[in-house]
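One structure below.
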Amino acid sequence: MRRLAEDLRQMELQVDIDEADIGRVAVGNKAKFTVDAYDERRFPAEISEIRFAPETIDGVVTYKTILTIDNAEMLLRPGMTATADIVVAEITRALVVPNAALRYAPPRAPAEDTEEERSGLLGMLIPDRLDDAAGGDNKTLWVLKDGIAQEIAVRAGDSDGLVTEILEGPLAEGDTVITDQSDG
């Protein structure tokens with residue numbers, strides 16, 4: 001007797017976790033995933049296993065992680081391609097800012113006597129933007145107070161890729177953070 005598949009009501013989803021993220025992932029973490037066949041639906045899952053053997057493809061090191069899935073509705077089929085989001089932290093009632101605000105720095109006014117000195121190699125080593133000179137330090141925000149841009153120091157916390165939690169600093173709910181500058 002040949003068994004083609006076990007009970008399809010309980011399935012596993014294998015995902016590759018980047019080595020930079022593997023330290024934040026743990027057995028029991030909740031996840032949600034989508035498949036192309038049901039692109040508007042997010043299916044729940046949970047991490048049941050994290051394998052220790054790394055896999056390297058095109059110089060990227062990943063670790064295979066197994067998610068368990070309840071497929072009682074029999075919508076999912078073996079071999080479907082899935083995209084998963086794994087919850088590694090849940091933060092409630094946090095002060096957050098757009099990630100663009102942590103990258104923003106106003107352009108420097110060009111100095112008349114150093115214009116020529118900044119061309120070529122020297123121009124690449126001495127940037128025209130404040131954040132480039134600081135190595136993109138994300139502990140500075142620019143806020144608008146009484147119509148004037150002011151730089152403030154903050155300590156950033158967790159991020160979901162779109163917004164970042166602010167743990168410390170003189171930022172308050174309702175403050176206007178600057179994310180971009182337009183010439184208009």
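The values are calculated or read from the model by the stated rules, or taken from the named source; none is laboratory data. Just so we're clear, the structure is a prediction, and the values are computed from it rather than from any experiment. Note that we place each Cβ from the backbone using ideal geometry, even for glycine, and neighbour counts take in every protein chain shown.
Among the strands (runs of 3 or more DSSP E) confined to the stretch 1-66, the ones with at least 2 residues that are without any contact (Cβ under 8 Å) to a residue 60 or more places away in the chain, closer than 22 Å to G79 by Cβ and aliphatic (A, V, I, L, M) are located at 30-35, 43-57. When A45, A20 are screened for being loosely packed, with under 12 Cβ neighbours inside 10 Å and among the hydrophobic types (A, V, I, L, M, F, W, C), only A20 passes.
The residues of the stretch 138-158 that are hydrophobic (A, V, I, L, M, F, W, C) and either surrounded by 15 or more Cβ atoms within 10 Å (Cβ to Cβ) or not assigned by TED's automatic domain parsing to the domain that holds P107 (or both), listed by number, are L141, W142, V143, I152, V154, A156.
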